[in-house]
Every structure is written in structure tokens, then in C-alpha cells.
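Beneath this line is the structure, given in C-alpha cells, with notes to follow.
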Amino acid sequence: EAIAAIDQGSNDTSSKIALAKSFCNEAFTQTCLDAHQVFGGMGYLWETDLHFWTRKAKEIELSWGTPLSYRRALAETL
């Protein structure tokens, strides 16, 4: 919905973008953490990429913002 609003040139895109960023960031991080729980030691082996994706999820969170920061931005626009 956020991408469609941007594509259509809508003026109310900031709230939709903040909501999408919050959801995607939280889903990515939580999926990696759940995979560590499900697969156990596989997440710490270099033969699999789970450790890479977990680090990448944390890097994205630290550089682009946490879900909480996106929710605050969403609350400000509402």
C-alpha cells in the first residue's frame, strides 16, 4: 500500500511508509531469532547463512531505525 501510494503521488505517504518499515523490520528480526530457536546450533555454523542474515537484520535495525522509532514517526503523523 505504501509503494502504491508513492507511485500514485499521494500526499499521505509518510504514515504508510512508517507502518511498512516497522512491520518489515520487526518481521525480519523476529524471523531470524525464531530460526535460531528452531534450528539450534545451525545458526552459529559458518556452513549456513543464518548467522549472516541475523547480523544483517541487526545492522539494518541499527542503521535505519528500530520498529519503535517507526511507530513513533507513525504516531506523529496521525
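Could you work out [θ]222 nm for the chain from helices alone, using -39500 (n - 2.57) per DSSP H run of at least four and dividing by all its residues? Round to the nearest 500 deg cm²/dmol.
Here the helix-only value at 222 nm equals -24500 deg cm²/dmol.
Helix 50-64: angle to the longest alpha-carbon principal axis of the chain, degrees 0 to 90, nearest 10?
Taking the Cα atoms of the chain, the angle to 50-64 is about 30 degrees.
In vacuo Debye scattering of the chain, one point per C-alpha: log10 I(q)/I(0) at q = 0.18 Å⁻¹?
-0.76
Under 12 Å from the Cβ of F52, count the other residues' Cβ atoms, weight Lys and Arg +1, Asp and Glu -1, and hand me the total.
Values: positive: R55, K56, K58; negative: E47, D49, E59.
Neighbour charge sum, excluding F52 itself: 0.
Given a 1.4 Å probe and every protein chain left where it sits, what share in percent of the accessible area of the chain is carbon and sulfur? Can you show the working numbers first?
On the way: 3600 of 5860 Å².
Carbon with sulfur: 61 percent of the solvent-accessible area.
Using Cα positions and a limit of under 18 Å, work out the aspartates and glutamates in reach of K56, with same-chain residues fewer than 8 apart set aside.
Within reach: E26, D34, E47.
Compute the acute angle (0 to 90°) between the alpha-carbon long axis of helix 14-39 and the principal axis of greatest extent of the alpha-carbon atoms of the chain; round to the nearest 10°.
10
What is the chain's relative contact order, in percent, from Cα pairs under 8 angstrom and six or more apart in sequence? Write out the running numbers ahead of the final one.
Details: 59 pairs, mean separation 30.1, N = 78.
Computed over the chain, the figure is 39 percent.
Gain in length, D7 to L33, computed as 0.36 nm per residue apart minus the alpha-carbon separation, to one decimal in nm?
Result: 6.0 nm gained on full extension.
Give me the number: length gained by fully extending H51 to T66, i.e. 0.36 nm times residue separation minus the C-alpha to C-alpha distance, one decimal in nm. Kindly include the intermediate steps, with their values, before the conclusion.
On the way: separation 15, 0.36 × 15 = 5.40 nm, distance 1.97 nm.
Contour length minus the Cα-Cα distance gives 3.4 nm.
By how many degrees, between 0 and 90 and to the nearest 10, does the Cα long axis of helix 67-77 differ from the longest principal axis of the chain?
Roughly 0 degrees between the two axes.
The values are calculated or read from the model by the stated rules, or taken from the named source; none is laboratory data. The structure displayed is predicted, hence computed values, not measured ones. All Cβ positions, glycine included, derive from the backbone under ideal geometry; neighbour counts span all protein chains shown. Remember, those area values only see protein heavy atoms, side chains included, never the ligands or the DNA or RNA. Shrake-Rupley method; radii C 1.70, N 1.55, O 1.52, S 1.80 Å.
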